[in-house]
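Just so it is clear, none of the values below were taken in a lab; they were calculated from the coordinates. All values reported here derive from a predicted model rather than from experimental measurement. Methodologically, a virtual Cβ is constructed for each residue, glycine included, from the backbone with ideal geometry; neighbour enumeration extends over all protein chains shown.
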Amino acid sequence: MKKKIIFSGIQPTGLLTIGNYIGALSQWKKLQKKYFCIYCIADLHSLTIYQKKNILNKNILDILAIFLACGIDPENNIIFLQSHVPQHVQLNWILNCFANFGEIKRMTQFKQKISCNTNINIGLFNYPILMAADILLYQTNKVPVGKDQIQHIELTRNLAYRFNNIYGNIFTIPEKVLNKNGSCIMSLINPNKKMSKSDPNNNSIISLFDNNFIIEQKIKNAITDSDFPPKIKYDLKNKPGISNLLSILANITECSIEQLEQNFKNKNYNNLKESIIDYLCLFLNKLRKKYFFYRKNEKYLKNIMFNGAKKAKKHADFTLKKVYDVIGLDFF
Ligand code: AQP
């Protein structure tokens with residue numbers, strides 16, 4: 001039986017965080033056993049903030065090496081760079097013409113980004129429609145994402161339904177896949193805000209490249225609460241800091257939150273933090289060793305992207321041709 005298709009992507013906007021790992025990469029690795037996976041380095045999306053050429057190029061290779069270090073297999077799946085496949089931009093334009101101004105204006109991530117950004121460009125507004133094009137081009141069945149992206153997947157589904165209603169079943173309607181243990185990792189210093197790799201406050205994130213000393217400092221300074229006696233309990237509303245720390249530990253150790261609550265029943269916040277520091281250091285040291293192994297060989301990395309784009313174009317072209325055909329483009 002033909003394997004179902006998974007599509008997901010990450011922007012090369014800097015050093016990946018533990019949030020990117022938990023929300024995306026850790027799932028990507030598991031999913032490739034069962035699905036045909038298409039993983040994209042979304043360099044076009046990253047242009048919504050100004051990118052310096054050398055840094056962008058470095059970030060792309062860094063992220064690809066991280067994919068490989070996380071165990072993502074480029075032979076049996078597709079790993080590619082978004083700008084290598086022009087069909088993404090072509091379908092993006094068509095979907096622009098099916099998206100309503102009001103629904104895009106309501107996107108929470110857009111609203112959050114414009115509230116703390118002076119460069120509010122149209123790319124930022126268009127971001128979720130380009131994301132919809134990415135997903136729909138590959139007849140994707142499932143999209144593994146963090147909670148922060150749920151609204152974008154809903155938009156993608158709506159655009160697909162809207163288009164299919166007029167032109168027939170052209171697009172597969174994708175579904176989201178969320179990880180079990182809390183799919184949104186929050187800032188360490190403001191647990192009501194998502195942990196983001198482009199956050200200017202470096203203390204709010206754990207980067208996959210933080211060394212043991214930095215990890216220790218950041219986790220020790222992570223916000224908890226002043227409940228007395230201290231209670232280690234997952235309660236997003238009343239204990240967002242502790243809930244976030246539990247989510248991180250649960251995902252790194254692959255333990256359930258309930259199990260961790262049990263293990264830390266009579267313990268204090270320092271005990272929880274020490275455990276997180278130990279597990280994170282161990283996990284990230286191993287990951288980094290693998291990363292450096294792949295990162296050395298740029299020729300190999302570029303080859304993966306070259307071959308990935310060739311494979312991705314075939315799939316993308318198949319869908320785009322159908323779209324052009326039903327609309328009446330490319331007629332002559
Ligand atoms: N904090 C998070 N918790 C869980 N999942 C997360 N993801 C990102 N942050 C978290 C997931 O990582 C994938 C790739 O994200 P992206 O780089 O394409 O864009 P993003 O969601 O905007 O990620 P960042 O880190 O916040 O990037 P910047 O700072 O550049 O905007 C997605 O699957 C996302 O769910």
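Per-residue 3J(HN,Hα) values for the range 203-214, derived from phi via the Karplus relation 6.51 cos²θ - 1.76 cosθ + 1.60 with θ = phi - 60°, read 6, 8, 10, 9, 7, 5, 9, 5, 7, 4, 5, 5 Hz in sequence order (x marks Gly and Pro).
If you average the sequence gap of Cα pairs under 8 Å that are 6 or more apart and divide by the length of the chain, what percent do you get for the contact order? Numbers along the way, then the final one.
Numbers: 486 pairs, mean separation 75.9, N = 332.
Dividing the mean separation by the residue count of the chain yields 23 percent.
Calculated from DSSP H runs of 4 or more alone, at -39500 (n - 2.57) each and per residue, what is the 222 nm mean residue ellipticity of the chain, nearest 500? Result for the chain, helices only: -16500 deg cm²/dmol. For the range 8-52, chymotrypsin sites (Phe, Trp or Tyr not before Pro) are listed when DSSP marks them as loop and at most 13 other Cβ atoms sit within 10 Å of their Cβ; the list is Tyr50. Here the range 249-287 and the range 98-170 have alpha carbon centers that stand 35 Å from each other. Relative intensity of the range 127-185 on a log10 scale, I(q)/I(0) at q = 0.13, 0.15, 0.21, 0.27 Å⁻¹, equals -0.32, -0.42, -0.75, -1.10, per a Debye sum over C-alpha point scatterers of equal strength in the absence of solvent.
Working from Cα pairs under 8 Å separated by at least six residues, relative contact order for the range 202-292 is 33 percent. Counting Cα-Cα pairs of the chain in 10 Å increments starting at 0 gives whole-percent bin shares of 5, 25, 32, 24, 10, 3, 0, 0. Stretching Val326 away from Gln109 to a fully extended chain increases their span by 74.9 nm, per 0.36 nm per residue minus the current alpha-carbon distance.
If you average the alpha carbon positions of the range 311-332 and of the range 67-88, how far apart do those two centres end up, in angstrom? One Cα centre to the other: 21 Å. Given their separation in residues at 0.36 nm each and the Cα-Cα distance between them, Asn100 and Asn190 gain 29.1 nm when the chain is fully extended. For Lys194, the residues whose amide H sits under 5 Å from its own are Ser187, ignoring neighbours fewer than 5 places away on the same chain, with H placed 1.01 Å from N. Rounded to two decimals, the Cα radius of gyration of the range 202-292 over 2.2 N^0.38 Å is 1.08.
For the range 266-305, just say rounded, prolate or oblate: build the C-alpha gyration tensor, square-root its eigenvalues into a ≥ b ≥ c, call rounded for a/c under 1.5, and beyond that prolate if a/b exceeds b/c, oblate if not.
Numbers: a/c = 7.50, a/b = 4.61, b/c = 1.63.
Prolate, because a/c is 1.5 or more and a/b exceeds b/c.
With both residues required to sit in the chain, DSSP beta bridges show an antiparallel share near 20%.
Taking amide H as placed 1.01 Å from N in the peptide plane, the amide H of Thr224 sits under 5 Å from none that are at least 5 places away or on another chain.
Report, in listed order, any pair from Lys142/Lys313; Lys52/Lys310; Lys147/Lys197; Lys220/Lys265 with a Cα-Cα distance greater than 23 Å. Before the final figure, lay out each step's value.
Numbers: Lys142/Lys313 19 Å; Lys52/Lys310 26 Å; Lys147/Lys197 16 Å; Lys220/Lys265 20 Å.
Result: Lys52/Lys310 exceed 23 Å.
Tilt of helix 240-253 relative to the longest C-alpha principal axis of the chain, in degrees (0 to 90, nearest 10)? Approximately 80 degrees, to the nearest ten.
Helix 53-69 axis versus longest C-alpha principal axis of the chain: approximately 70°, rounded to the nearest ten. For the chain, the longest principal axis of the C-alpha atoms and the axis of helix 298-327 are separated by about 50°.
Could you calculate the contour length gain from Asn271 to Lys52, that is, 0.36 nm times the residue separation minus the distance between their Cα atoms, to one decimal place in nm?
Working: separation 219, 0.36 × 219 = 78.84 nm, distance 4.23 nm.
Full-extension gain reported as 74.6 nm.
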